1. Mind checking the per residue accessible area of the stretch 82-129 for me, 1.4 Å probe, whole number of Å²?
2. Which cross-chain or sequence-distant (5 or more) residues have an amide H under 5 Å from the amide H of Arg143, H modelled 1.01 Å from N in plane?
3. Given Cα pairs under 8 Å that are at least 6 residues apart, what percent is the relative contact order of the stretch 127-258?
4. How far is it, in nm, from the label point at Lys252 to the one at Leu67 when both lie 7 Å from their Cα along the line to the Cβ?
Amino acid sequence: MANRSALLRLSQKALTTAASPSRNRHLLSRRFSTDVAAVATSTKTNIIQSLDRVKWDYRGQRKIIPLGQWIPKTAVDAYVAPNVVLAGQVTVCDGASVWNGAVLRGDLNKITVGFCSNVQERCVIHAAWSSPTGLPAETFIERFVTIGAYSLLRSCTIEPECIIGQHSILMEGSLVETHSILEAGSVVPPGRRIPSGELWAGNPARYVRTLTHEETLEIPKLAVAINDLSRAHFSEFLPYSTVYLEVEKLKKQLDISL
């Protein structure tokens, strides 16, 4: 009997609704607007912004990708082109420059671009968990180093004042000592060492000759010239870096409105 009475009430309600379609549409529209307003109100109250959320504002145009606790660090006077990808444990030091289309992916280990060094267009720099040779697995580029366009570096170390030619490949555990030059298209196998003051070329890279004193003096001059050129590009963008994160953290600690 209870089921029969419930069915009877539902049928009467359906007949009443069918008899007055205009009134039904009006009630449905009012009910729909009320439900939407209630959902919007509940959604607005339920969304709580995370306290550690990074406020990127205009900096969001840059491809800076935090990975877990690791956030790429860029010095105030370093130039990083807007379409460069920096991910994870990446540090770009003072006076350094990373040019258009380069990808520095520090998701497994650290990547450091030293003072007044430059990574030119379309370079890819990565680092492995560990090196099979027992050498450091991080990618470390020291000061006054020029990395030619389209080069690939993985878990290698480049000492101060070196030139890596375009389209070169440096594999895991390789070491380029100070005042050395790699010709364009060179491939340095895993664990290979390029001695100081020498010119190497080829696939695999082989010794060509010893650099003259005048040639070694020109290596840092090239890095400085590229750094000076980056100043003109830098002036076209807002003066941003990752230092603002420390400023915002300090303002929170001192209870200063952001």
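1. 31
2. For Arg143, whose amide H was placed from the backbone, the distant partners under 5 Å are Phe115, Glu161.
3. 16
4. Rounded to a tenth, the inter-label distance reads 2.3 nm.
The values are calculated or read from the model by the stated rules, or taken from the named source; none is laboratory data. Because the structure is a prediction, the values reported are computed rather than measured. Cβ sites come from the backbone with ideal geometry, for glycine too, and all protein chains shown count toward neighbours. When the accessible area is computed, the model is the full protein with side chains, heavy atoms only, and any ligands, DNA or RNA have been set aside. Shrake-Rupley method; radii C 1.70, N 1.55, O 1.52, S 1.80 Å.
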